[in-house]
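Structure record follows, encoded as structure tokens.
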Amino acid sequence: MKKYLLSISVALVVGFFLAKLFLEQYDSYEGIKFTSSTGDMLYFIKYDTYSSLDEMEKNTLSLPNYIYKENNGNYDVYIGITKNSKNLIKLNNYYSSLGYNTYTEEFLVSNPTFLEALKNYDAILESTEDTVVISSISSQVLEKYEEILNDSED
């Protein structure tokens with residue numbers, strides 16, 4: 001009986017330390033932590049990154065519409081959002097024709113209201129080649145995203 005008691009005690013102590021080590025590594029992980037997979041990966045078209053808010057505001061005066069995200073003291077400016085890879089190509093070509101150098105980043109978005117609106121916008125965008133419509137839809141998507149962000153902060 002003592003032999004089993006000693007084995008169980010050792011197993012509990014080792015298990016405790018392994019669990020503690022695992023949880024400490026998880027807490028110190030600096031990458032992206034997905035706690036839920038309810039959402040969609042969206043393509044965000046990035047315009048540029050600026051080191052200050054003033055610099056960003058000066059350099060984005062020519063943009064019709066944009067959103068920005070502060071990231072470690074830098075300001076990332078985005079000028080388009082889509083879920084559809086064909087629309088991503090169409091938007092990148094459109095912005096390239098305007099002389100903008102763009103980059104693509106992917107983010108997980110889980111707001112069902114925005115995802116439904118984006119689905120509708122993507123359907124319209126996919127069926128058009130008119131640059132005025134592309135510009136308008138891109139601006140409307142950004143406005144809707146900003147509206148959803150502001151509603152979630154309230």
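The values are calculated or read from the model by the stated rules, or taken from the named source; none is laboratory data. Keep in mind that what you see is a predicted model, and the values were worked out from it rather than measured. Every residue, glycine as well, gets a Cβ built from its backbone with ideal geometry; the counts of neighbours run over all protein chains shown. Quick note on the areas: whole protein, heavy atoms, side chains included, nothing else; ligands and nucleic acids left out. Shrake-Rupley method; radii C 1.70, N 1.55, O 1.52, S 1.80 Å.
The table for this structure:
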{"item": "Inter-residue pairs, beta-carbon under 7 Å, first of a type in the set (Lys, Arg) and in region 71-88, second part of a helix (DSSP H, G or I), 6+ apart", "result": "Lys83/Leu118; Lys83/Asp122; Lys86/Glu126"}
{"item": "Matching helices (runs of 4 or more DSSP H) fully within region 53-154 where at least 3 residues are open to solvent by less than 50 Å² (accessible area, probe 1.4 Å) and over 20 Å from Asp40 (Cβ atoms)", "result": "131-153"}
